[in-house]
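Taken together, the values in this text are just the output of simple stated rules run on the coordinates, not laboratory data. Given the structure is predicted, the values throughout are model-derived calculations rather than measurements. Here the Cβ is made from the backbone with ideal geometry for all residues, glycine too, and neighbour counts use every protein chain on show.
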Amino acid sequence: MSTPPTTQAIRHLYAATLRTARAFSSYNFRQYFLRRTRGEFRNIQTDSSKLSSFYNSKTHELAVLRRSAIVNQLYGGWRLVVEDQKPQRIRDDN
């Protein structure tokens with residue numbers, strides 16, 4: 001039986017997953033993965049065997065999420081109205 005992951009390892013995995021979710025250029029995907037990650041990590045079981053399997057599955061999902069975020073960035077579209085818009089620069093010819 002493997003040793004359960006430490007609290008620090010779980011927090012690092014949580015932060016890495018949130019960081020990767022924010023890397024999506026598509027608003028809908030980004031918000032979905034942020035909500036999903038927060039919900040899943042909120043309901044962590046404290047049993048050591050369940051914690052180990054949870055950690056292993058989320059580590060695997062993080063790798064998949066990273067690859068998906070890269071593909072999403074390659075084919076990203078326009079920003080939606082609900083997203084924060086970057087201010088447009090105005091060229092001054094003076």
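For the chain, the relative contact order is 39 percent, taking Cα pairs closer than 8 Å that sit 6 or more residues apart in sequence and dividing their mean separation by the residue count.
Quick one: longest stretch of the chain between exposed loop chymotrypsin sites (Phe, Trp or Tyr not before Pro), exposed meaning at most 15 other C-beta atoms within 10 Å and loop per DSSP? Between the exposed loop sites, the longest stretch runs 1-74. Computed from the C-beta positions of Leu18 and Ser57 and an R0 of 22 Å, the FRET efficiency is 0.85 to the nearest 0.05. Other residues within the sphere of radius under 12 Å centred on the Cβ of Arg19, judged by their own Cβ, net out at +3 (K and R +1, D and E -1). Quick check: net charge around Tyr55, other residues with Cβ under 13 Å of its Cβ, Lys/Arg +1 and Asp/Glu -1? Neighbour charge sum, excluding Tyr55 itself: 0. Rounded to the nearest 500, the helix-only mean residue ellipticity at 222 nm of the chain stands at -21500 deg cm²/dmol, with each DSSP H run of n ≥ 4 adding -39,500 (n - 2.57). Among the listed options (i) 1.10; (ii) 1.17; (iii) 1.05, the one matching Rg/Rh (Cα atoms, Kirkwood Rh) as calculated from these coordinates is (ii). The slack between Arg38 and Thr6, meaning 0.36 nm per residue of separation minus the straight C-alpha distance, is 9.7 nm.
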